[in-house]
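A.B. asks: Right, I'll just put the structure down here and ask away after.
Computed from the coordinates by the stated procedures, all read-outs in this text should not be read as laboratory data. Not measured: the values here are computed from a predicted model. Positions of Cβ are backbone-derived with ideal geometry, glycine not excepted, and every protein chain shown enters the neighbour counts.
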Amino acid sequence: MVILGVDPGTLITGYGVVRHVANRTRVLECGVVKNGSARSMPERLKAIFTKLSEVIEKYQPDEFAIETSFYSKNAQSAMKLGHARGVSLLAAANSDIPTSEYSPREVKKAVVGSGAASKEQVRFMVKTLLKMKASPALYDSSDALAVALCHLHRISRAERRFRDWRSYVDAHPDKVVRRLGR
C-alpha cells in the first residue's frame, strides 16, 4: 500500500510518500513545495497543486492523508490554510484517491504517543519509525510523513476490527456458545 501524506501551507506544503508491504514501511519520497511570500496566492496554489499532482502521477498512491486546519484567532491565516488544503484535496480527488483527514493532535499522538508533542519529537519519531538515515530537512516534510504514518496506523487498526458480528463469529467459532437443538 502506498500512502501520500500532506502537511498543507501556502508558504510551505510538506509531502511524504510511504510504501507499506509485509509489516515494513519505507519512504519513497518526501519534500516540500516552497512558495516565496512575493508570489501571488493563485501562483502559490498552482505550485502546490502541480507538485502534488506530479507526485500522485509518479507514485500512484492508494490512499491520501492530510492534516486538518489548525484553528487560530487569525481568520486570514485560517482562510489561506484552507486554500492550500483545498488544492491538495483537489489533486487527490482528480485521481480518485480515497482521502482521510487528521487533526494535528491526532497525528502527534499516533506517531509520538502524545498529542502535545513538539515538532522535534515528531521528526525524531518519524526518522526512527521509518529507519531513515537522516532526518527530513524541514519540519513540514517530517510532519507530512507523520500524517502518512498516522493514516497507516489508523487503517491497520481498522483492519484488525471486525465489520460485523458474523465476521467475528466466523473468525472465532470456539468462542460461540450454541444452544442445544440449533
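A.B. asks: Restricting to the chain, what percent of DSSP beta bridges are antiparallel, rounded to 5?
C.D. replies: Antiparallel bridges: around 65 percent, rounded to the nearest 5.
A.B. asks: Next question, about the same structure. Taking the simple approach of a point 7 Å from Cα along Cα-to-Cβ for both residue 119 and residue 165, what is their distance in nm?
C.D. replies: Distance between the two pseudo-spin positions: 5.1 nm.
A.B. asks: Rounded, prolate or oblate for region 36-120? Axes are the square roots of the Cα gyration tensor eigenvalues, ordered a ≥ b ≥ c, and the cut-off for rounded is a/c under 1.5.
C.D. replies: oblate
A.B. asks: Ratio to report: Rg/Rh of region 2-175, with Cα atoms as the point set and Rh obtained by the Kirkwood method; give two decimals.
C.D. replies: Answer for region 2-175: 1.02.
A.B. asks: Using +1 at the Cβ of each Lys and Arg and -1 at the Cβ of each Asp and Glu in the chain, identify which of 114, 31, 79 lies farthest towards the dipole's positive end.
C.D. replies: Farthest towards the positive pole: 114.
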